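One structure is given below, encoded as structure tokens.
The values are calculated or read from the model by the stated rules, or taken from the named source; none is laboratory data. Predicted model, so just to flag it, every value in this text is computed and none were measured. FYI the Cβ positions are ideal-geometry reconstructions off the backbone, even for glycines, and counts take in every protein chain you see. We work out accessible area using only protein heavy atoms, side chains counted, and drop any ligands, DNA or RNA first. Shrake-Rupley method; radii C 1.70, N 1.55, O 1.52, S 1.80 Å.
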Amino acid sequence: MRLSDLLDHLPAVLNCLGEDVEIEGIAADSRRVEPGDLFVAIPGGQVDGHRFVGEAVDSGAVAVIGELPPDEVDGGAGGDFTYVRVRNAREAWGWSCAAWEGLPSRKMTLVGVTGTDGKTTTVTLLHGILRAAGVKAGMISTVKAIIPSGDSGEGSETEAMTGLHTTTPDPPAVQQYLDGMVEAGATHAVLEVTSHGLAQDRVAGCDFDVAVVTNITHEHLDYHGSLDAYRRAKAKLFEGLDGSFRKPGVPKVSVLNGDDDSLCLLRSLRADRQIVYSLDGDADVTARGVAYDVDRTRLRLHTPMGQVPIETALVGRYNVRNILAAAAAGVALGVPLEAIAEGIASFWGVPGRMERIEAGQAHLAIVDFAHTPNALKQALMAARGMAEGSGRVVVVFGCAGLRDREKRTLMGRIAGQLADVVIVTAEDPRTESLEAIMAESVRAAAAEGKREGVDLFPVSDRGEAILRACEMARAGDVVIACGKGHEQSMCFGTTEYPWDDRRAMRLALRGETLSTLPTARSDGGAQRGEDRACLG
């Protein structure tokens, strides 16, 4: 592809110095540059990609995109390359990758789902709704990407795991997944879009048609600085609707949560149509007659198209809101009510989201991804409703290092208020002191009346913490391990160690401990062959 063909799709190109060269590939990591590549120099919080332009050129890059003036860019020993200056290199990277793949999002109806909690569940629910309607659809979540098969086989598809501590994938992966969906004949795609993904332009080059919000609560304030800035980052998905590429016969629709504080901000942003869903008030899409059981929920879905009964294996009020968000998106896409009901009924949950672990035990054992204050609150409220008789809720949770510190106190308070027994443990301490992180949550739980050694226990090793919770559980109790969910590693220092809460829970139910973390080792080591650098 000629460089000029890529530049035609880049916003805010300031100038281009050099020849219109042929591009063989695109790289934003100088270590992965191959001869003929375009290198995108991205300024980062810790490392500035402009420092590695010379290295990229020496490795064969024939063109460079960057933000610095040309006279401030060191081209290394090679020196001979075309330089393109842009206002935003991250945005340019996204659009370059989209152009490289042939702008695949313009060949499908594209739905983006953002929010603090419930994104993955909502994305997967909507994907199931579309499949129930006979629509060939793909999806990208923080758990996996699904690309439908190119043949006519019923239900055949390709799945790809999207990472360890995952957020929205980087532009090359997003665009490659979308291109694979187009090649397979998909007409729709559903993307989970995180605030980091929006703030870092990972979905630049994606022309969305429907934008959905689950909620916007306390999370990632370490990165965004304030709740208002966090809301503004989420709002980028909705701000982009009106100006994005128009596909014939496809309106731009925003799907909003009438029960969330984000409603006022997001409602002010232009769209062809706005659909509001609510569990607590009047809205376009609502639930009536909600009945909660231990293992399922029943409700009647009210929409502008009529009403339909819903039965689902999902439990808890927060999951009813996820269902409403997915159903409202289905309404926005014109999916028949019967298909919406069928898609929801066929959904059995996302790995690591209120996932039950069974080993013949007398109590309930659950693994959930709840890692924000609101998510922990909702998970514990759901667990309370699942306890039998006088059964107790025993929670195991932690808070991540180098992340929003305020969460440690907030989550400690919530656990102290809503759980009967609180066990505070490790969750990706990174380079911070694990004991100091835990101490903040322990103090907060104690302030809510919990007593250390009685119903409050700090246990640094997560495997031991889950084992202790199972050992103290009685018939009718609910043991819930929160914070890791589907993730397959945990970060200590700068190293990712193998970790799986679900495996740990299964072992604990047999009286055994998963011991893959440095906290479980007298020598401080851990399966070196499987260790890897932390993902950030």
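Show Cys491, Cys16 ordered by accessible area, largest first, where the area counts protein heavy atoms only and the probe is 1.4 Å.
Of Cys491, Cys16, the descending order of accessible area is Cys16, Cys491.
Can you check what the net charge comes to around His363, using other residues whose Cβ is under 13 Å from the Cβ of His363 (Lys, Arg +1; Asp, Glu -1)?
Once positives and negatives cancel, what remains is -2.
For every other residue with a beta carbon closer than 14 angstrom to the beta carbon of Ala345, add +1 if it is Lys or Arg and -1 if Asp or Glu, then tell me the sum.
Net of charged neighbours comes to 0.
Of all DSSP beta bridges in the range 333-475, what percent run antiparallel (nearest 5)? Intermediate results must be reported in sequence, preceding the final value.
Details: 2 of 10 bridges.
Antiparallel bridges make up about 20 percent of those DSSP assigns within the range 333-475.
Keeping all protein chains in place, calculate the accessible area per residue for the chain (probe 1.4 angstrom), answer in Å².
I get 39 Å² per residue for this part.
Which aspartates and glutamates have a Cα less than 12 Å from the Cα of Lys236, not counting those fewer than 8 places away in the same chain?
Straight-distance partners of Lys236: Asp201.
Using the structure shown, list the pairs from Lys107/Lys484; Lys119/Lys450; Lys144/Lys450; Lys144/Lys234; Lys247/Lys484; Lys252/Lys407 with a Cα-Cα distance above 27 Å, or answer none. Could the numbers behind the result be given before it?
On the way: Lys107/Lys484 36 Å; Lys119/Lys450 32 Å; Lys144/Lys450 38 Å; Lys144/Lys234 21 Å; Lys247/Lys484 39 Å; Lys252/Lys407 35 Å.
Over 27 Å Cα-Cα: Lys107/Lys484; Lys119/Lys450; Lys144/Lys450; Lys247/Lys484; Lys252/Lys407.
With +1 on each Lys and Arg Cβ and -1 on each Asp and Glu Cβ, how big is the dipole of the chain about its Cα centre, in debye rounded to the nearest 20?
The dipole magnitude comes to about 1840 debye.
With every protein chain kept in the model, how would you rank Lys107, Lys236 by accessible area, 1.4 Å probe, largest at the top? List each step's numbers first, then the result.
On the way: Lys107 120, Lys236 75 Å².
Sorted by accessible area, descending: Lys107, Lys236.
With unit charges on the beta carbons (Lys and Arg positive, Asp and Glu negative) and the dipole taken about the Cα centre of the chain, which residue among Ala132, Ala63, Ser244 sits farthest to the positive side?
Farthest towards the positive pole: Ala132.
Quick check on the range 1-160: of the DSSP beta bridges with both residues there, what percent are antiparallel, nearest 5%? Could the numbers behind the result be given before it?
Numbers: 12 of 22 bridges.
Bridges in the range 1-160 that DSSP calls antiparallel: roughly 55 percent.
With all protein chains present, calculate the accessible area of Phe492 using a 1.4 Å probe and round the result to the nearest 10 Å².
Phe492 exposes around 30 Å² with every protein chain in place.
Give me the percent of DSSP beta bridges within the chain that run antiparallel, rounded to the nearest 5.
40 percent
So, taking all protein chains as they sit and a 1.4 Å probe, how much accessible area belongs to Met381, in Å² rounded to tens?
90 Å²
Show Asp8, Asp428 ordered by accessible area, largest first, where the area counts protein heavy atoms only and the probe is 1.4 Å.
Asp8, Asp428
Counting each DSSP H run of 4 or more residues in the chain as -39500 (n - 2.57), what helix-only mean residue ellipticity at 222 nm follows after dividing by all residues, to the nearest 500 deg cm²/dmol?
-9000 deg cm²/dmol
Can you give me the % of accessible surface on the chain that is carbon or sulfur? Probe 1.4 Å, all protein chains present, nothing else counted.
Numbers: 9590 of 20850 Å².
In the chain, the share of accessible area belonging to carbon and sulfur is 46 percent.
With a 1.4 Å probe and all protein chains kept in place, how much accessible area does Arg506 have, in Å² rounded to the nearest 10?
Probe radius 1.4 Å; accessible area of Arg506 about 110 Å².
Using θ = phi - 60° and the Karplus curve 6.51 cos²θ - 1.76 cosθ + 1.60, what whole-Hz ³J(HN,Hα) does each residue of the range 202-214 get, with Gly and Pro shown as x?
6, 9, 4, x, 9, 9, 7, 10, 10, 10, 10, 10, 8
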